[in-house]
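Only one structure is covered here, and it is reproduced in the block below.
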Amino acid sequence: MARNKEFDEKQALRKAMELFWQQGYEKTSMQELVDYMGIHRRSIYDTFGDKRTLFLSALSHYEELITTEMKKRVDSNLLVKQAIREVFKMVIYPGLNLPKGCFSVNAAVELSLLDEEIATKIAVMFTKTESLFNELLKHGQKNGEISRRHDPEVLSLFLHNSLVGLRVLVKTEDDNKKLESIVDMTLSVLE
């Protein structure tokens with residue numbers, strides 16, 4: 001007879017994500033995962049696989065959380081410029097009770113040159129954000145809210161690059177007014 005799991009998988013995965021986010025992949029041991037997740041080592045292996053597989057699952061969980069939050073902010077019938085601003089504000093004011101910065105950016109910096117599968121997963125995640133910006137920009141250009149002087153595809157790359165930079169900066173900068181002024185300057189290109 002199969003045993004019922006004595007833990008919530010989503011909650012355990014979120015804990016793993018938080019620990020990997022705070023410490024990185026290499027600095028996180030299986031014992032630290034056991035302690036932080038509050039479940040037995042065997043349960044981790046049985047449910048999530050080895051450390052690398054757990055990391056990939058945590059990265060997917062992060063993507064799901066961020067995508068849901070981003071869509072909530074963008075789909076709230078805002079003007080295009082305000083919707084783009086909301087994506088940037090999400091970095092300054094994450095609101096999901098998560099560590100500072102960005103798990104995918106951390107993973108990209110730490111592992112992209114070492115693990116092709118992780119590099120590909122992160123590239124896909126980044127491309128989704130660029131595509132979101134591209135769609136918003138095209139809509140904004142069509143309705144006259146965004147200047148047509150820039151190619152929306154190139155501008156979406158610029159905005160994503162700025163967003164990634166902001167995700168790094170929030171780890172060391174506590175002055176939200178300063179961070180907001182950076183967002184203001186970045187978004188001034190939309191004028």
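For every helix of n ≥ 4 consecutive DSSP H residues, a contribution of -39,500 (n - 2.57) applies; sum these over the chain, divide by its total residues, and give [θ] at 222 nm rounded to the nearest 500 deg cm²/dmol. Please list the in-between numbers first.
On the way: 9 runs with 134 residues, N = 191.
Result for the chain: -23000 deg cm²/dmol, rounded to the nearest 500.
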_With a cut-off of 8 Å between alpha carbons and a minimum separation of six or more residues, what is the relative contact order of the range 50-125 in percent?_
26
_Dipole magnitude (debye, nearest 20) for the range 54-129, charges at Cβ of Lys, Arg, Asp, Glu_ = 520
*Taking the Cα atoms only, what angle lies between the long axis of helix 9-23 and the longest principal axis of the chain, rounded to 10 degrees?*
70
_Accessible area per residue in Å² at 1.4 Å probe, computed on the chain_ = 56
_Correct option for semi-axes √(5λ) of the Cα gyration tensor in Å [calculated from the coordinates] among (1) 23, 20, 17; (2) 35, 16, 15; (3) 30, 18, 15_ = (2)
_Roughly how far apart, in whole Å, are the Cα centres of the range 35-72 and the range 102-123?_
15
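Taking a ≥ b ≥ c as the square roots of the Cα gyration tensor eigenvalues, with a/c under 1.5 meaning rounded and otherwise prolate when a/b beats b/c, else oblate, which class fits the range 111-191? Numbers along the way, then the final one.
Details: a/c = 3.18, a/b = 1.23, b/c = 2.59.
It is oblate, given that a/c is not under 1.5 and a/b is not larger than b/c.
Taking all protein chains as present, what is the carbon and sulfur share of the accessible area of the chain, in % to the nearest whole number, probe 1.4 Å?
On the way: 5590 of 10780 Å².
C and S atoms contribute 52 percent here.
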*asked:* Past 19 Å, Cα to Cα: identify those pairs from 51/121; 71/178; 72/121; 15/100, in the order given.
replied: 71/178; 72/121
*Helix 80-92: angle to the longest alpha-carbon principal axis of the chain, degrees 0 to 90, nearest 10?*
40
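Charges at C-beta only: +1 for Lys and Arg, -1 for Asp and Glu. How large is the resulting dipole of the range 20-156 about its Cα centre, in Debye rounded to 20? Don't jump to the answer; show the numbers that get you there.
Values: 18 positive and 19 negative charges, 117 e Å.
The dipole magnitude comes to about 560 debye.
The values are calculated or read from the model by the stated rules, or taken from the named source; none is laboratory data. Keep in mind it's a predicted model, so treat the numbers as computed, not measured. Cβ coordinates were reconstructed from backbone atoms using ideal geometry, including for glycine residues, and neighbour counts include every protein chain displayed. Each accessible area value is taken on the protein alone, full model and side chains, heavy atoms only, with ligands, DNA and RNA left out. Shrake-Rupley method; radii C 1.70, N 1.55, O 1.52, S 1.80 Å.
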